[in-house]
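What follows is a short report on a single structure.
The values are calculated or read from the model by the stated rules, or taken from the named source; none is laboratory data. Model, not experiment: these values are computed from the prediction. With ideal geometry, Cβ positions are generated from the backbone for all residues, glycine too; neighbour counts draw on all protein chains shown. Just so you know, the surface numbers come from the protein's heavy atoms only, side chains and all, with ligands and any DNA or RNA stripped out. Shrake-Rupley method; radii C 1.70, N 1.55, O 1.52, S 1.80 Å.
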Amino acid sequence: MQTATHQLPVTVAITRRADPSRNAEMLAWVRAGAALAEDFPGFLGVGWIRPGPGSTDWHMLYRFADAEALRAWEESSQRQWWLSSAQGMVEHTRVERRTGIEGWFDPPREHSVAELPPAAPPRWKQAVTIWVGFFPLSLLAAVTLGHLLAGQHVVVRTLATTFALTPLMTYVVLPWVTRSLRWWLQGHPAPWRR
């Protein structure tokens, strides 16, 4: 009888890149992630190696009893917090998942490699993207709400305006602008030039 793949232990191998001058911070970050993962049901182990002194690459493995246990860890708020705490220090370059014991020792029976999504765009591009959505929306608010709130105290005007604009910016304008400028944010040629 063969065991279903989702019930086999899953090993995740990740390559991360970090500036060698930040080794102490990187080591503390790796240990913090291992400590967080250890508290999750189905956790079987973690390890990391570096190819040599001064290397920018850190190869990390973590292992869970099955795909469900792994998913619980990978979708947890603890892991999201941990990953975000290394923003600007660590670049995630590659993820590989293997099922069964071969994840640690033998050639894989099931092998899949998933490249991580591109890194976040530079902050200046993020700022420009927000401005592209914020400027016309603010202008529209000034024209439409400005005369209605003209006699109000500045705090009341600001409160009413931000209360109206924040949901529009968050759920309508910014997602639309981000989708429209995705090519630019990710450093690809403009769609009309392909």
**Study point:** TRP176 within 17 Å of LYS125 (Cα to Cα) and either exposed (fewer than 12 other Cβ atoms within 10 Å of the Cβ) or among the hydroxyl-bearing types (Ser, Thr, Tyr) (or both)
**Key:** yes
Review point. For the subset of region 6-29 comprising residues that are polar (S, T, N, Q) and either in a helix (DSSP H, G or I) or over 17 Å from the mean Cα position of the chain (by Cα) (or both), which member is modelled with the lowest pLDDT?
Key: GLN7
Exercise for review: Could you tell me whether any residue of region 43-63 is modelled with pLDDT of 80 or more and among the hydroxyl-bearing types (Ser, Thr, Tyr)?
Suggested key: yes
Review point. Looking at region 179-194, which of its residues are open to solvent by less than 50 Å² (accessible area, probe 1.4 Å) and either in contact with a Cys (Cβ under 6 Å, 6 or more places away or on another chain) or not in a loop (DSSP other than H, G, I, E, B) (or both)?
Key: LEU185
Check your understanding: For region 53-86, what are the residues that are open to solvent by less than 50 Å² (accessible area, probe 1.4 Å), farther than 17 Å from ALA34 by Cβ and charged (D, E, K, R)?
Key -> ASP57, ASP66
Review point. Among all residue pairs at least 6 apart or on different chains, which show Cβ distances below 8 Å where the first residue, located in region 166-194, is in contact (Cβ under 8 Å) with a residue 12 or more places away in the chain and the second is among the basic types (Lys, Arg) and surrounded by 14 or more Cβ atoms within 10 Å (Cβ to Cβ)?
Key: TRP184/LYS125; LEU185/LYS125
Review point. Which condition number does ALA37 fail, the rest of (1) more than 30 Å from ARG179 (Cβ to Cβ); (2) open to solvent by 40 Å² or more (accessible area, probe 1.4 Å); (3) at pLDDT 85 or above being met?
Key: (2)
Check your understanding: Can we say ARG97 is open to solvent by 80 Å² or more (accessible area, probe 1.4 Å) and at pLDDT below 90?
Key -> yes
Study note, to complete from the structure: Only one of LEU165, LEU140 is of a type outside the set (Lys, Arg), modelled with pLDDT of 90 or more and open to solvent by less than 50 Å² (accessible area, probe 1.4 Å), namely LEU165
**Study point:** Unmet requirement for ALA18, which otherwise passes all of (1) among the small types (Gly, Ala, Ser); (2) surrounded by fewer than 17 Cβ atoms within 10 Å (Cβ to Cβ); (3) touching a Phe, Trp or Tyr at 6+ places or on another chain (Cβ under 7 Å)
**Key:** (2)
